[in-house]
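The values are calculated or read from the model by the stated rules, or taken from the named source; none is laboratory data. Source: prediction; values computed, not measured. Every residue, glycine among them, receives a Cβ derived from its backbone with ideal geometry; neighbour counts consider all protein chains shown.
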């Protein structure tokens, strides 16, 4: 068991993610969010359990379902919410939206609208860390669907060949958009694919946050010590649709209800109570604080102005290039 | 001034920039132990070691993807594509990731990345090793496109590309690697976004770049014997494009041939011709004529290849059409 501070931190992170996502769903259904959003509800244990062992300076690479990763790595819900609402105070000044949130100041190298688009960016961050002898680790979050991309193969092979400090975290949430993993993934456990790259592959119950935490800590420590990459698979479930508004014709409600009963937050609460780490009232206080934080984030976002239309032309190129002769 | 090859010029650029900045490194297939399949990296690991001159698996996706990740985290990678044709294996990394990251993250990130892509027709390399694909990338906002024609420009532009904080695609024609030209011993840069008038002339403007610059110069030599003076404008970079230099020349000559080795249809020449029509229509005395490879894959057999790839003759004919 990790120490009490760590346990409380992990629990608080899970609650903050859930609260954030429930609010995003509400705002989307109220027509306040342009585009579309992919919610992380049900998968909170993965981001929270993994990021608890990362240093501030470590890197993560995220997915289209990335809000949880952002919060777990330390991004600000205010600026996330503002970005999701398309406001100028958002992380990307309204140019990215839900699928492209990044916070380079906390090592969050970006969500990615391309499934499997992040693998090799994580490999590059790990290569850079190794070349700079910085001791940093790069974590790549991805889904069972992304594990079928060719990018997965090239990234894991290269990370293994160069012994890079990279941890590949598969959030196996059972569905690639509408396609079940039982139909589209050649193996039951994605972690089995690690054998093909000569690296450790570990499968854990992704709704048991302490199991995720322990496995991630071992993988991250190994990477930091120069022991190379790990493929860590967390078996979990996407409680909500692929996107808000998904008619979800590809799955039975009974299946969703079965997984709801395995809610990672409820399970962790039972454990925390049983171990005497937190009392009911303390957990309620954490939830109330999360609600306040997220409401404040919504106010900040709603009160923030939209970008000036001509801001569409800024940030395409970096203009303060180094040295002479650089393009403008 | 001393003369060195295009290949040596790029090698000097690499070495100078790697010496100047410890974050510059190069990764790609067969570059360190082999020295590059065109010898363009020969000797580089002797000075910089096998980490900064990094041989990779055959994984173009991972080469460019890792270069993106390294660029985002404090390095200045140069990724070699072996053949420009293989950028197709890294299209997501170039078009969806590298080109977008600075913009869609609202300017938080900088992406000092160079992708080197040896392109063009050489020695019956056939359909999958002969293409010139620059137009695809001109169409994706967020990239810079550099495409030099001489050893001098190759060196100065490669150094500028490495120092640029934006993702740069650097297309180098395979048939130019062995070409010699004057390159000063002392350090210099060639700015990205400046065209160069390689030969002045009053009668016709030939807007061109890469290997076609040399074919245009040969054509201009021939035509001069008949009293037709062709001004050869070497764009050197397609994004940003120095359209001012082009328009200045067009206003003088009033006639334009646009020439590139890439396929004619949808080529960069179409963009150049359209821009001239928009900006200088009143100056034109004749329609803009485009010269490019005919719209088939590059065939293998020498007579087939010669039939579809434009050389001096096609430029001469294009000029004669409008004078």
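A few points about this structure:
- Within the set B:106, B:35, B:49, the sole residue that is out of contact with any strand residue (DSSP E or B) (no Cβ under 9 Å at 6 or more places or on another chain) and facing another protein chain (nearest Cβ under 9 Å) turns out to be B:106.
- Residue check for residue B:178: without any contact (Cβ under 8 Å) to a residue 40 or more places away in the chain and either part of a helix (DSSP H, G or I) or more than 18 Å from residue B:16 (Cβ to Cβ) (or both): no
- Pick from region A:101-141, criterion in contact (Cβ under 8 Å) with a residue 12 or more places away in the chain, part of a helix (DSSP H, G or I) and surrounded by fewer than 24 Cβ atoms within 10 Å (Cβ to Cβ), ranking: nearest to the other protein chains (Cβ to nearest Cβ): A:130
- Complete set of residues in region A:19-40 that are in a loop (DSSP other than H, G, I, E, B) and buried (at least 22 other Cβ atoms within 10 Å of the Cβ): A:37, A:38, A:39, A:40
- Selection status of residue B:118, in contact with a strand residue (DSSP E or B) (Cβ under 8 Å, 6 or more places away or on another chain) and outside any helix (DSSP H, G or I): yes
- For region B:154-175, filtering for residues that are at the interface with chain A (Cβ under 8 Å from one of its Cβ atoms), part of a loop (DSSP other than H, G, I, E, B) and in contact with a helix residue (DSSP H, G or I) (Cβ under 8 Å, 6 or more places away or on another chain) leaves 1.
- When B:197, B:213, B:207 are checked against the criterion of being closer than 18 Å to residue B:243 by Cα, at pLDDT 95 or above, outside any strand (DSSP E or B) and away from every other protein chain (no Cβ under 14 Å), B:213 stands alone in meeting it.
- Listed by first and then second residue, the pairs with beta-carbon distance under 8 Å, at least 6 apart or on different chains, first residue in region A:189-206 and touching a residue at least 60 places away in the same chain (Cβ under 8 Å), second in a strand (DSSP E or B), are A:206/A:171; A:206/A:172; A:206/A:233; A:206/A:234; A:206/A:235.
- In the set (1) under 25 Å from residue B:104 (Cβ atoms); (2) more than 10 Å from chain B (Cβ to nearest Cβ); (3) in contact with a helix residue (DSSP H, G or I) (Cβ under 9 Å, 6 or more places away or on another chain), residue A:144 fails one condition alone, (1).
- Note on region B:20-32: residues that are in contact with a strand residue (DSSP E or B) (Cβ under 8 Å, 6 or more places away or on another chain) and part of a loop (DSSP other than H, G, I, E, B) amount to 6.
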